[in-house]
Amino acid sequence: MKTMKNWSRTRFDERTSNVFAKGRKTAIYSIAFVMLSAVFLASCSNDDEELQTGLLTGTWQQVYDTGVVAEGYVQYTFTPGVPFTSGDCTIHAYDVFAGDTTILCNYTITGDNRRLLIFNAQHDGMQEYEIQRISTKSMTWLPVGSDKVLNFKKVK
């Protein structure tokens with residue numbers, strides 16, 4: 001019995017030493033990979049995240065703050081063109097007293113995917129917004145030069 005224990009222990013020591021001898025290079029690569037992965041993941045943050053501007057396509061209705069009574073609505077419909085960062089925008093406003101108004105515009109999203117420029121061809125004007133957040137269901141804009149945040153929900 002004593003001989004069996006010694007043989008088993010010797011065999012175990014021999015196996016583990018071979019594994020560690022052969023696996024040093026692999027272990028070093030594995031540790032380096034884990035360290036580089038940790039550095040890469042630590043450098044990522046939500047602030048630097050590029051907005052998914054493809055989510056802009058469709059119709060968005062402005063949502064007003066709680067307590068604000070809106071006697072109508074404003075909807076923006078974005079139809080992308082080529083390149084995908086520009087296209088047509090139709091602004092449809094409905095007011096109980098004034099009725100329906102539709103304005104045909106063009107839009108462009110700048111290179112950093114955070115600036116939305118809406119060009120009003122009918123009135124030779126331009127509106128500039130910073131896209132704060134966009135998802136499949138909601139979106140938030142900040143008009144440039146203003147501190148009033150505009151919230152939208154996806155209609156279709």
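The values are calculated or read from the model by the stated rules, or taken from the named source; none is laboratory data. Quantities reported herein were computed from a predicted structural model and do not represent experimental measurements. Methodologically, a virtual Cβ is constructed for each residue, glycine included, from the backbone with ideal geometry; neighbour enumeration extends over all protein chains shown. SASA here: full protein model, heavy atoms, side chains in, ligands and nucleic acids out. Shrake-Rupley method; radii C 1.70, N 1.55, O 1.52, S 1.80 Å.
Quick rundown of the values:
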item	result
Any hit, segment 64-83, residues being surrounded by 10 or more Cβ atoms within 10 Å (Cβ to Cβ), closer than 30 Å to Gln132 by Cα, at pLDDT 65 or above and in contact with a Pro (Cβ under 9 Å, 6 or more places away or on another chain)	no
Segment 52-62, subset outside any strand (DSSP E or B) and not hydrophobic (A, V, I, L, M, F, W, C), residue most open to solvent (accessible area, probe 1.4 Å)	Gln52
Selection from segment 80-108 of residues that are over 19 Å from the mean Cα position of the chain (by Cα) and β-branched (Val, Ile, Thr)	Val82, Thr90, Ile91, Val96, Thr101, Thr102, Ile103
Candidate set: segment 110-125, residues that are modelled with pLDDT of 90 or more and among the aliphatic types (A, V, I, L, M); chosen: the one farthest from the chain's Cα centre (by Cα)	Ile118
Strands (runs of 3 or more DSSP E) contained in segment 63-156 and holding at least 1 residues touching a helix residue (DSSP H, G or I) at 6+ places or on another chain (Cβ under 6 Å) and in contact (Cβ under 8 Å) with a residue 60 or more places away in the chain	125-134
Count of segment 128-152 residues which are open to solvent by 80 Å² or more (accessible area, probe 1.4 Å) and over 16 Å from the mean Cα position of the chain (by Cα)	3
